[in-house]
Every structure is written in C-alpha cells, then in structure tokens.
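So the structure is just underneath, and the comments pick up after that.
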Amino acid sequence: MVVKITYFVHGTTTDNQKEISSGWFDVELSELGIQQSNELWDKVKDKNFDVVFCSDLKRAVHSAELTFKGKVEIIQDERLRECNYGKYNAQPSEIVEPMQEENIMKRFPDGESYEDVKKRISDFLDFLKKNYDGKSVAIVAHKAPQLVLDVLLKNKTWEQAFADDWRKKKAWQPGWEYILE
C-alpha cells in the first residue's frame, strides 16, 4: 500500500507581497491569497482526498479552510510549519533566501536548519504511513516542507531541490503529487 500525497502551498501572504520571508512569524493571507485559496477548490474538486493536513501557522490554516472546509476534514499539525529562521523570521527575502541553502546543516541563529525540518517531516511521514496507508492525503503548508518531500520522496539532493524549486521559475501549479511507500 501507499499514501498518495497532494501538496499545496498556502496562498499569497501580506509578507510575500512585501518580499518578506515569514518563517515562524504568523502572518495573514493577503487579499490575493484569499482569492487564490477560494479559487483552488475549482481546480482540484475532481480529486478525492480522505483528509487535509495543514501547518498550524494561520496562513496555511486559513488557506486550507478557504479551499476545503465543509468538504474534507482538516487537521492542523505543527510538524508542517515553515523553517524557523530564528532571528531572521519576518526579514527581507533578499537577506533570508540566500541563507536558506547555507543553512541546510547548520541552524539559523535561534532557529533551525533544513535538516531539522527534514526530521519533523520524516516523523510526520511515519505517522501518515501508520495511520493513512492506502489513503489520499492533501497537505497545505510552506516552502521548506515541500523541499523536504522532494528530498525524501523524489530522491533529490538538497541542492537539486533548491535548484528545481518552482518558486524560482514562478511555476506555481494546483498541487504537487508525491507517493509515500
């Protein structure tokens, strides 16, 4: 058996529009993000999901609720949070983004590394395997957890995951598919 995962990123936030990297800073969706989340259901309504998991940060919760509330059970899980940039939470993206690839193994000051995020997501995937085998699961979360899925489930190196990140090409799509075996 396998768990079929469809990964969705939260809608655009007020920080995104100001080119701020939020990290664990709990920022709101922008008007655009609300619109994106409302419109997402029409793009995915033909897919069947047994459950939706989302990060407990309000941008992901709000996105999940706008898209799936009343249609699919939504469960918040803090393991799906963005990377904690520590002192760099809610700082300009031009500063934070170059640091991300430098902080795969070492932690952001007062924060965590991408390897720390990988441990959280690995634990979450073990939970899915034990409890949702044979199911179709949607996840609404952030950049770092998605990069971890590329590393863990698509066998990419960290360097490949960062290089192939859709955000660099502005190639958003309504969900990315992963298989957990």
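The values are calculated or read from the model by the stated rules, or taken from the named source; none is laboratory data. The structure presented is a predicted model; accordingly, all values stated were derived computationally and were not measured. Every residue, glycine among them, receives a Cβ derived from its backbone with ideal geometry; neighbour counts consider all protein chains shown.
Within the bounds of the range 58-67, is there any residue that is at positive phi and not hydroxyl-bearing (Ser, Thr, Tyr)? For the range 58-67, residues at positive phi and not hydroxyl-bearing (Ser, Thr, Tyr): absent.
Only one entry of Gln36, Gln17 meets the criterion of being on the phi < 0 side of the Ramachandran plot and surrounded by fewer than 18 Cβ atoms within 10 Å (Cβ to Cβ), and that entry is Gln17.
Do we have any residue at all in the range 57-64 that's in contact with a Phe, Trp or Tyr (Cβ under 8 Å, 6 or more places away or on another chain), closer than 22 Å to Lys168 by Cβ and not in a loop (DSSP other than H, G, I, E, B)? Looking through the range 57-64, at least one residue is in contact with a Phe, Trp or Tyr (Cβ under 8 Å, 6 or more places away or on another chain), closer than 22 Å to Lys168 by Cβ and not in a loop (DSSP other than H, G, I, E, B).
Checked against (1) on the phi < 0 side of the Ramachandran plot; (2) surrounded by fewer than 17 Cβ atoms within 10 Å (Cβ to Cβ); (3) over 13 Å from the mean Cα position of the chain (by Cα), Gln76 passes all but condition (3).
In the set Gly111, Gly70, only one residue is in contact with a helix residue (DSSP H, G or I) (Cβ under 8 Å, 6 or more places away or on another chain), among the small types (Gly, Ala, Ser) and in a loop (DSSP other than H, G, I, E, B); that residue is Gly111. Annotation: of all residues in the range 143-181 being farther than 13 Å from Thr6 by Cα, touching a residue at least 60 places away in the same chain (Cβ under 8 Å) and of a type outside the set (Gly, Ala, Ser), the one that is surrounded by the fewest Cβ atoms within 10 Å (Cβ to Cβ) is Glu181. Checked against the criteria, Lys130 counts as out of contact with any Phe, Trp or Tyr (no Cβ under 9 Å at 6 or more places or on another chain), of a type outside the set (Phe, Trp, Tyr) and modelled with pLDDT of 95 or more.
Applying the criterion of being among the hydrophobic types (A, V, I, L, M, F, W, C) and assigned to a helix (DSSP H, G or I) to the residues of the range 87-108, the residue that is surrounded by the most Cβ atoms within 10 Å (Cβ to Cβ) is Val96.
The one condition from (1) surrounded by 14 or more Cβ atoms within 10 Å (Cβ to Cβ); (2) under 18 Å from the mean Cα position of the chain (by Cα); (3) of a type in the set (Asp, Glu) that Asp50 does not meet is (2).
Table: residues versus (1) touching a residue at least 60 places away in the same chain (Cβ under 8 Å); (2) of a type in the set (Gly, Ala, Ser); (3) closer than 19 Å to Thr13 by Cβ.
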site	(1), (2), (3)
Tyr85	yes, no, yes
Met105	no, no, no
Glu112	no, no, no
Leu128	yes, no, no
